[in-house]
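A short write-up of the structure that comes next.
The values are calculated or read from the model by the stated rules, or taken from the named source; none is laboratory data. As the structure is a prediction and not an experimental result, all values here were calculated from the model. Cβ placement follows ideal geometry from the backbone for every residue including glycine, while neighbour counts extend to all protein chains displayed. Remember, those area values only see protein heavy atoms, side chains included, never the ligands or the DNA or RNA. Shrake-Rupley method; radii C 1.70, N 1.55, O 1.52, S 1.80 Å.
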Amino acid sequence: MDKEEFLRMYENGERDFSGIELRDVDLSNVRLYEINLYKAKLINVNLNYAHLCNVDLSKADLSGSSLYWTNLNSAKLTNVNLKNANLSYANLESANLSNAILTNTDLNFAELLGADLTGTNIEAAINVSSPHLLLIDEYKSNN
């Protein structure tokens with residue numbers, strides 16, 4: 001499927017795109033709400049400034065993609081592959097990132113308040129500078 005067909009189907013009301021494959025496309029500034037992208041392959045996709053609230057990206061492959069300033073508020077990202085992805089300034093508030101692959105993922109100033117990071121390899125991410133992680137780590141060491 002190509003970008004134009006994908007966006008046309010979304011505009012026509014389709015919301016289940018599980019297993020879709022899009023590579024090396026520009027979807028910057030796109031607004032996709034409550035869409036199912038389960039097991040999608042979105043490799044090297046530009047999703048900068050996109051709005052992906054309440055999106056299901058479970059088991060999706062977003063390796064090498066750019067999600068700079070992307071709104072992923074309350075997104076389901078369980079078992080997602082974010083290897084070498086850019087999530088700088090992304091809003092991941094209340095997102096479920098359990099068991100996500102974060103190897104070389106840029107999390108510079110990513111908003112992680114309320115995000116579920118259970119089972120992630122957060123130590124393999126780069127530029128982890130969210131103040132919320134420091135608070136969580138401090139809370140765990142005190143208890």
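Residues with beta-carbon under 13 Å from that of residue 89, excluding residue 89: net charge, scoring Lys, Arg +1 and Asp, Glu -1?
-3
So if I place +1 on the C-beta of Lys and Arg and -1 on the C-beta of Asp and Glu, and nothing else carries charge, what would the dipole magnitude of the chain be about its Cα centre? I want it in debye, nearest 20.
The dipole magnitude comes to about 180 debye.
I'd like to check one number: the per residue accessible area of the chain, probe 1.4 Å, reported in Å² as a whole number.
Here the per-residue accessible area is 51 Å².
Please give the helix 131-142 orientation as an angle from the longest Cα principal axis of the chain, in degrees from 0 to 90, rounded to the nearest 10.
40 degrees
Which semi-axes, in whole Å and largest first, does the equivalent ellipsoid of segment 31-78 have when worked out from the alpha carbon gyration tensor as the square roots of 5 times its eigenvalues?
They are 14, 14, 8 Å, listed from largest to smallest.
The list [x] 52; [y] 44; [z] 63 gives values of percent of Cα pairs over 19 Å apart, and only one came from this structure; which label was calculated from it?
[y]
What ranking do 108-119, 46-57 get when scored by the average of other Cβ atoms within 10 Å per residue, highest first?
On the way: 108-119: 18.2, 46-57: 21.4.
Sorting 108-119, 46-57 by mean packing, highest first, produces 46-57, 108-119.
Mind listing the long-range amide H neighbours of residue 126? Cut-off is under 5 Å, sequence gap 5 or more, other chains count too, H placed in the peptide plane at 1.01 Å from N.
Those qualifying (amide H under 5 Å, at least 5 residues apart or on another chain) are 104, 105, 106, 107.
Could you give each residue of segment 115-126 its phi-based ³J(HN,Hα) in whole Hz, using Karplus coefficients 6.51, -1.76, 1.60 with θ = phi - 60°, and x for Gly or Pro?
With the stated coefficients, segment 115-126 comes to 6, 8, 10, 4, x, 7, 9, 4, 5, 8, 6, 10 Hz.
Are there any GluC sites (Glu not before Pro) in segment 1-90 that are in a DSSP loop and have at most 16 other Cβ atoms within 10 Å? List them by number.
Filter output for segment 1-90: 14, 34.
How many percent of the accessible area of the chain is carbon or sulfur, using a 1.4 Å probe?
After summing per-atom areas, the C and S share lands at 46 percent.
Counting only DSSP beta bridges with both residues in the chain, what percent are antiparallel, rounded to the nearest 5? Show your work: numbers first, answer last.
Details: 0 of 20 bridges.
Percent antiparallel among DSSP bridges in the chain is about 0.
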